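The values are calculated or read from the model by the stated rules, or taken from the named source; none is laboratory data. Being a predicted model, the structure only gives us computed values, none of them experimental. With ideal geometry, Cβ positions are generated from the backbone for all residues, glycine too; neighbour counts draw on all protein chains shown. To get the accessible areas, we keep the full protein, side chains included, count just its heavy atoms, and leave off ligands, DNA and RNA. Shrake-Rupley method; radii C 1.70, N 1.55, O 1.52, S 1.80 Å.
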Amino acid sequence: MEKANEIKISYSQKTNTKNLLKITSSTEANQIIQNSWDQDNIELFETFKVIYLNNSNVVKGISTISTGGITGTIIDIRLIFATALKTLSTAIILTHNHPSGTLRPSEADKRMTEKIIKAGELLDVKVLDHLIVTPNKEYYSFADNGLIK
């Protein structure tokens, strides 16, 4: 008789909880995500990253979900939530860069955000914001502009 693969789930926090960052505003989220970005590539590739948070909005970590070309990248929502569930995150902040420097969200950005919000509702993982960041460190916050409630 053949055996099925055993699946184990584990999570280990390597950082002392006293040193973890807490996000209370889009400005703080932008500073944290900008520090994680490879500034040599921010003008070359569109990259989608997610900040994972606990129920006190303390950063558990940042994950790069996808890197694409100059004008877009493909996002697999399953990867976003697989990571959220594995890290026991209760909230996330979506981020991606616009290599062109434009701060305006595209219709595709808005649709993808809505799709991720709906998936999060099913799993009790709240999408707090979606930031578009640019090479000159400016950002656009969906929450600050009323696109996320």
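Of note:
- Some residue of region 129-142 being touching a residue at least 24 places away in the same chain (Cβ under 8 Å), under 18 Å from LEU53 (Cα atoms) and in contact with a Lys or Arg (Cβ under 7 Å, 6 or more places away or on another chain): no
- Residues that are open to solvent by 50 Å² or more (accessible area, probe 1.4 Å), within 20 Å of ILE23 (Cα to Cα) and either acidic (Asp, Glu) or assigned to a loop (DSSP other than H, G, I, E, B) (or both) within region 76-113 comprise LEU88, THR90, listed in sequence order.
- Residue under evaluation ALA143, criteria (1) touching an Asp or Glu at 6+ places or on another chain (Cβ under 8 Å); (2) of a type in the set (A, V, I, L, M, F, W, C); (3) within 12 Å of THR47 (Cα to Cα), criterion not met: (3)
- Residue list for region 3-30, restricted to those being of a type in the set (S, T, N, Q), part of a loop (DSSP other than H, G, I, E, B) and at pLDDT 80 or above: ASN5, THR24, SER25
- Residue among ALA119, ALA143 that alone is small (Gly, Ala, Ser), surrounded by fewer than 19 Cβ atoms within 10 Å (Cβ to Cβ) and part of a helix (DSSP H, G or I): ALA119
- Of all residues making up region 31-42, the number that are closer than 25 Å to ILE116 by Cβ and either at pLDDT below 90 or open to solvent by less than 50 Å² (accessible area, probe 1.4 Å) (or both): 8
- Pairs meeting the criteria (first residue in region 5-16 and closer than 14 Å to ALA82 by Cβ and of a type outside the set (A, V, I, L, M), second residue at pLDDT 70 or above and open to solvent by 90 Å² or more (accessible area, probe 1.4 Å), beta carbons under 8 Å, at least 6 apart or on different chains) are TYR11/LYS86; TYR11/LEU88.
- Residues satisfying the stated conditions in region 122-135, i.e. open to solvent by less than 100 Å² (accessible area, probe 1.4 Å) and part of a loop (DSSP other than H, G, I, E, B): VAL125, THR134, PRO135
- Residues satisfying the criterion are absent from region 53-75 (criterion: surrounded by 12 or more Cβ atoms within 10 Å (Cβ to Cβ), among the small types (Gly, Ala, Ser) and assigned to a helix (DSSP H, G or I)).
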